[in-house]
Amino acid sequence: MKLVLPAALRVVLLVLLVAFIVNPGWFEPLFKPLTENNAPAIYNQGSLLSLTLQHLGTVAVATIAAIIVAIGLAILVTRPFGAEFLPLSRSLVNIGQTFPPVAVLALAVPAVGFGEKPTLIALFLYGLLPIFENALTGLTTLPANVVEAARGAGMTNGQKLLRVELPLSLPVILAGIRLSVVISLATATIGSTVAAKTLGEVIIAGLISNNLAFVVQGGLIVAGLAVFIYDGLMALERVAARRMGQAVR
Amino acid sequence: MAIRFDKLGVVIAAIAGYAAFFAPFATFRANRIVPGEGRFILDALPAVGGPLLLALIIAAIFVALLKTPLAWRLVASVAVLIALALAIGVAGSFLTPPNNTFARISPASGFWLLIFAFTLLLADVLTRLELSPFVRIGILLVAAVAVGALLASGSWDSLSILKEYANRAGSFWAEARKHVALALGSLVAAVVVGLPIGILCHRVEVLRAGVLNVLNIIQTIPSIALFGMLIGPLGWLALHVPGAAALGIRGIGTAPAFVALFLYSLLPVVANTVVGLAGVPKAANEAARGMGMTDRQRLFGVEFPLAFPVILTGIRIVLVQNIGLATIAALIGGGGFGVFVFQGVGQTAMDLVLLGAVPTVSLAFAAAIVLDAVIELTATSRRREAVA
């Protein structure tokens, strides 16, 4: 699935998004029609910029942890030492993805209390699965002759992993990371129901005070961030695939 | 001869050993919201029960730890899971002081970790057995009947999650019906609308990128925002279009939740229809055309049946995703199991969260197993036809 936006449109949208986050006041007339009874048109219970940064920070921390653990586990179960875990880890990924994010989030609360922590745990666990799944796919579907050639060239197992297997599966792994980030960006908003500081606060404030303008601006910022991060990671994947001489998707 | 250990068994033994000896098995609370105190297995069960359960767990740990036949591992994991299910019920009635309706007993971390460890063992055995789709559905049914029997027998009635249920039995089933209706109804709507769009996108290449892009962008809008944004337009419809309100279209409630789930469901259905149709072998299409089939005959007689497993995969994604997302509907008054989850989060009453979360997870899990089995059945039957 490709997301094609003309380059010029992309730049304009990015500038608009940044301008809105930094100085939402400029856009007040646009949101005014969405409010009733003279309610404020722009979120006024905190700065959108700091909420956006906290939102991105939470997603980044959870995703980086998920990347490290997921790739580490995928490497482990594709080595001879961990081969016994391979079938089980496949089914665990399948089972894990049936868990709704809200349930993971709500169930993390009794363990760690309210605030950022349950959100980080939910995002981490939920983000783990797509990355792990793709890393497994990448590492188990390498062309056999390339791996043989690496062994024939006298590479040690470590060299084979770092110079051949990981670079070759990088595009697939990146696709998993992209999926994980986009899911996490949206899921982080639900974190605000357990008192995490994310853009979900804006949306929930809108739902509570019946102010559509808040809901729309919170949603638009998250969706905008997701589209651009999706786009950027997609570009990264194309570069990685081209460097590996694979067909550019 | 050196003893060979099973590597997964080492992991399971570590988790189960910690859970059985160092983590509390049940939590006792004097009332619904005070912090609880942990009770270990030996304190939580009547005199004979505790040592008996521990002995069974230790035996099962050894079965997992050593390289034992699959059948042993299957028996060990099922035996421990059944014993745990029974024991937690016994612990519930044992720990509740007589004539006390305020005390709450709930499973604690040790119980959950034991369940996790032996479910891991069971999952590993079931994966290795490579069961056929029918057997998998059969096992799901047996498990559902077993849990249903335990619930009906009343042996869990002294546990806090069921006390929450007892207080809300009526609304629980009403929310359950709403939840299923939301998840299934939006799926049906998405299939009815999405299939023709997918076919159109397959036939008319110009449309494809544009339509998929729009659907992709809808997917990136966070669910609570999309639910919220639909409040406005639907509220306007209800006010200004005669008859709309009578059809149940309202600003808040089920209508925006339904529309949001429907919008989220469109992408997997449309995208998988396009991918499935694109994957139909050229030779099959050529042959059909050579036989003088019309476009319509070709679509229903050749392309559609061949693309069906891929389309079904899209439907599986949608159904599992919708069952989970429907919990968010509660935030905008749409009902569903999310009502209990968010009420529980609000009152920091975790049993109430579980009352909403456990049925949601079970539903999603059951839907995934059933649809996976159906997908495998259709895919293999196609292959068999192709060979024949």
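We did not get these values from a lab; they are worked out from the coordinates using the rules stated. In this text, all values refer to a predicted model and were calculated from it rather than measured experimentally. Here the Cβ is made from the backbone with ideal geometry for all residues, glycine too, and neighbour counts use every protein chain on show.
Sequence-ordered 3J(HN,Hα) estimates for segment A:66-76 from the Karplus curve with 6.51, -1.76 and 1.60 and θ = phi - 60° stand at 5, 4, 4, 5, 5, 5, x, 5, 5, 5, 4 Hz, glycine and proline given as x. Backbone phi angles across segment A:11-26, fed through the Karplus curve with coefficients 6.51, -1.76 and 1.60 (θ = phi - 60°), yield HN-Hα couplings of 4, 4, 5, 5, 4, 4, 4, 5, 4, 5, 5, 6, 9, x, x, 4 Hz in residue order; Gly and Pro are listed as x. What FRET efficiency, computed as 1/(1 + (r/R0)^6) with R0 = 22 Å and r the Cβ-Cβ distance, is obtained for B:N213 and B:Q297, rounded to the nearest 0.05? Approximately 0.10, to the nearest 0.05. Charged neighbours of B:R39, selected by a Cβ distance under 14 Å, balance to 0 (K, R count +1; D, E count -1).
Listed by chain and number, the lysines placed with their C-alpha closer than 23 angstrom to that of B:K163 are B:K178; residues fewer than eight positions away on the same chain are left out. What the Cβ-Cβ distance of B:A283 and A:N157 gives, at R0 = 35 Å and to the nearest 0.05, is a FRET efficiency of 0.20. Comparing B:T96, B:T254, B:T273 in a Gaussian network model of chain B (Cα springs below 10 Å), the most mobile by mean-square fluctuation is B:T96.
In summary, the lysines within cross-link reach of A:K197, defined as a Cα separation below 28 angstrom excluding same-chain residues under 8 places away, comprise A:K32, A:K117. The trypsin sites (Lys or Arg not before Pro) found in segment A:1-93 that occupy coil by DSSP, while having at most 12 further C-beta atoms within 10 Å, are A:K2. Averaging 1/r over every pair of different alpha carbons in segment B:82-232 and inverting the result gives a Kirkwood radius of 20.6 Å.
Under a cut-off of 28 Å between alpha-carbon atoms, report the lysines in cross-link reach of B:K7, not counting same-chain residues fewer than 8 places apart. Partners within reach: A:K160, B:K67.
Could you calculate the FRET efficiency of B:F134 with B:V34 from 1/(1 + (r/R0)^6), where r is the beta carbon distance between them and R0 is 56 Å, rounded to 0.05? It comes to 0.70.
Taking a Cβ cut-off of under 13 Å around A:G96, the surrounding Lys, Arg, Asp and Glu residues balance to a net charge of 0, with basic ones at +1 and acidic ones at -1. Counting only DSSP beta bridges with both residues in the protein assembly as shown, what percent are antiparallel, rounded to the nearest 5? Bridges in the protein assembly as shown are about 90 percent antiparallel. Segment B:V10..B:D43, full-extension length gain: 9.2 nm, with 0.36 nm per residue of separation and the alpha-carbon distance subtracted.
With the charge dipole of segment A:47-243 set up from +1 on Lys and Arg Cβ and -1 on Asp and Glu Cβ about the Cα centre, the Cα lying farthest toward the positive end among the listed residues A:P80, A:S209, A:L129 is that of A:P80. Taken about its Cα centre, segment B:169-387 carries a charge dipole of about 400 debye when Lys and Arg each add +1 at the Cβ and Asp and Glu each add -1 at the Cβ.
Its Kirkwood hydrodynamic radius, worked out from the mean inverse distance over all distinct Cα pairs, puts the protein assembly as shown at 26.9 Å.
Across the alpha-carbon set of segment B:169-387, the Rg to Rh ratio works out to 1.05, Rh being the Kirkwood radius.
Other residues within the sphere of radius under 10 Å centred on the Cβ of A:H55, judged by their own Cβ, net out at 0 (K and R +1, D and E -1). So what's the gap between the Cα centers of segment A:1-68 and segment B:252-277, to the nearest angstrom? Cα centroid to Cα centroid, the span is 25 Å. The charge dipole of segment A:47-243, taken about the Cα centre with unit charges on the Cβ atoms of Lys, Arg (+1) and Asp, Glu (-1), comes to about 400 debye, rounded to the nearest 20. When chain A is modelled as a GNM with alpha-carbon springs shorter than 10 Å, which of A:G219, A:G158, A:G206 fluctuates the most? Ranking A:G219, A:G158, A:G206 by mean-square fluctuation puts A:G158 first.
Calculated [222 nm] ellipticity per residue, helices only, for the protein assembly as shown: -24500 deg cm²/dmol; basis is -39500 (n - 2.57) per DSSP H run with n ≥ 4, divided by all residues, nearest 500. Let me know the shape class of chain B, please: from the alpha-carbon gyration tensor, a ≥ b ≥ c as square roots of the eigenvalues, rounded when a/c is under 1.5, otherwise prolate if a/b is greater than b/c, or oblate. Here chain B falls in the oblate category.
Segment B:325-368 and segment A:219-240 have Cα centres lying 31 Å from one another. If the segment from A:R10 to A:K32 were pulled out straight at 0.36 nm per residue, it would be longer than the present Cα-Cα gap by 5.4 nm.
Seen against the Cα atoms of chain A and their longest principal axis, helix A:101-112 is set at about 90 degrees.
Using only the C-alpha atoms of segment B:248-307, find the volume of their convex hull and express it per residue in Å³.
Output value, Cα hull per residue: 92 Å³.
In this rough spin-label picture, where each label sits 7 Å from Cα along the Cβ direction, the B:A79-B:E376 distance is 2.7 nm.
Placing unit charges on the Cβ atoms only, positive for Lys and Arg and negative for Asp and Glu, gives the protein assembly as shown a dipole magnitude near 960 debye about its Cα centre.
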